[in-house]
Structure formats: structure tokens, C-alpha cells
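Chemist: Below is the structure I would like to discuss, written out as C-alpha cells.
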Amino acid sequence: LAEAAAEDARRLGVANAAFLPCNANVNLEAVLLRASRCGPLQSVSIQFPDPWFKARHKKRRVVQPELVETIARHLEPGGWLFFQTDVLDLAQDARDTIRQAAAGTLRDAREDPGDWAAPKPKPLACVSTERERSCAELQRPVYRAVFEKLPAGMPAGHERR
């Protein structure tokens, strides 16, 4: 999958994207530390992760507090974290996890936690995944959330719009 994505990026002339086959919950911190000499992390997209429906399997979900903290630590101010899924329970859980783990660091584009109409970040506006296209074709909803990295020293109370 990572090789196919890299090939697509090459074919489209996208030179500033990297795709790594790894377990982000285990390896992301080390990867970002090594990559930091190349420049700051500008954005993160989490696209339609496995929902792991059973309660005992929730620990396997991609969006975990430690992952969110890692992303928030490395993301440059003004950078964004984009999440989308077609499973409402997963969307709610991810949004709650991100809001709690990165409170005061990442700002949700929507104040209302039940508002899933956040527009995709501009660089992704004209790009859709196979799953997005499938959902559109089947007229199924897609739940989206966008979080922006706040500047260092943002006064308390300004983390929500």
C-alpha cells in the first residue's frame, strides 16, 4: 500500500509526501524525530481506519492518546490533523480522544462535537479516497474532523473557536 501510494505521488508530481509501512502507534515518534531534520510536519491525515467494533478491541484503534500527543508535539503551528471515517461511533471516539489528548494544542474546527461538516483541508479538497467515492456512490455519510495546531503561547480559552 505504501509503495502504491508513493508511486501515485510520483506519477502526480508530488514531491513532498512520504508513505511508510509501519504501525503509527509504535513507530511514529521515532520516524518523526528522524524526519524533523527535513522540515516541520505540516499535516496528518487519518483516512478510514479500521473501526474495531468490539469493546475489547478498542485498544487497537489507530487514534490513541499517545499517537495524538505525538502528532501534536511534531505538528507545526497552523498545521492540521484531518480525520475521516464512515463509522459514526469511530468518529465520535476519535474526536473525543483528540480533544482530550491535545486540549490546548490542537483546535477542533467545529465547536459542536456533533458537527461533522468540517470541510476537507484545501490540499485535500480535490482528492478523494476509494472509500470516499464508494460512500458517495452508496449515499452513505462520511464523518470528518479537522484540528489545527495552535501557536505556542496561545492564551487559555482561545483553543476553541
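The values are calculated or read from the model by the stated rules, or taken from the named source; none is laboratory data. In this text the structure is predicted, and so the values were computed from the model without any measurement. Every residue, glycine as well, gets a Cβ built from its backbone with ideal geometry; the counts of neighbours run over all protein chains shown. Please note that ligands, DNA and RNA were not included when accessible areas were found on the heavy atoms of the full protein model with its side chains. Shrake-Rupley method; radii C 1.70, N 1.55, O 1.52, S 1.80 Å.
Chemist: With a 1.4 Å probe and every protein chain left in place, work out the accessible area per residue of region 41-148 in Å², rounded to a whole number.
Modeler: 55
Chemist: Please enumerate, by chain and number, the lysines with C-alpha under 30 Å from the C-alpha of K54, excluding those fewer than 8 residues away in the same chain.
Modeler: K120
Chemist: Separate question: Among all the lysines, which ones have a C-alpha under 26 Å from K122's C-alpha, if same-chain residues fewer than 8 places away are not counted?
Modeler: Counting by Cα, and skipping residues close in sequence, K122 has these lysines nearby: K149.
Chemist: Give the shape of region 82-125 as rounded, prolate or oblate, defined through the alpha-carbon gyration tensor: a ≥ b ≥ c are the square roots of its eigenvalues, a/c under 1.5 means rounded, and otherwise the shape is prolate if a/b is larger than b/c and oblate if not.
Modeler: Oblate shape, in that a/c is at least 1.5 and b/c is the bigger or equal ratio.
Chemist: Rounded, prolate or oblate: pick one for region 1-52, where a ≥ b ≥ c are the square roots of the eigenvalues of its C-alpha gyration tensor, a/c under 1.5 means rounded, and failing that, prolate if a/b is larger than b/c, else oblate.
Modeler: Verdict is oblate for region 1-52.
Chemist: Might you report the magnitude of the Cβ-based charge dipole of region 1-153 about its Cα centre, with Lys and Arg at +1 and Asp and Glu at -1, to the nearest 20 debye?
Modeler: I would put it at about 220 debye.
Chemist: Report, by chain and number, residues whose modeled amide H sits under 5 Å from the one on I46, excluding near sequence neighbours (fewer than 5 apart, same chain).
Modeler: Placed amide hydrogens put F82, F83, Q84 under 5 Å from I46.
Chemist: Classify region 37-91 from the C-alpha gyration tensor, please: rounded if a/c falls under 1.5, else prolate or oblate depending on whether a/b exceeds b/c.
Modeler: Since a/c reaches 1.5 and a/b is larger than b/c, the shape of region 37-91 is classed as prolate.
Chemist: How many nm separate the modelled label positions at R73 and A117, each set 7 Å beyond the Cα in the direction of the Cβ?
Modeler: Modelled inter-label distance: 3.8 nm.
Chemist: Can you pull the one-decimal nm distance between simple spin-label points at Q139 and D8, each 7 Å off the Cα toward Cβ?
Modeler: Distance between the two pseudo-spin positions: 2.7 nm.
Chemist: Using a 1.4 angstrom probe on heavy atoms only, work out the carbon and sulfur share of the accessible area of region 57-98 in %.
Modeler: 47
Chemist: Here is a further query. What does the helix-only formula give at 222 nm for the chain: each DSSP H stretch with n ≥ 4 adding -39500 (n - 2.57), the total divided by the residues, and the result rounded to the nearest 500 deg cm²/dmol?
Modeler: -10500 deg cm²/dmol
Chemist: For A125 paired with W52, estimate the spin-label separation in nm (one decimal), with each label point 7 Å from Cα along the Cα-to-Cβ line.
Modeler: 3.5
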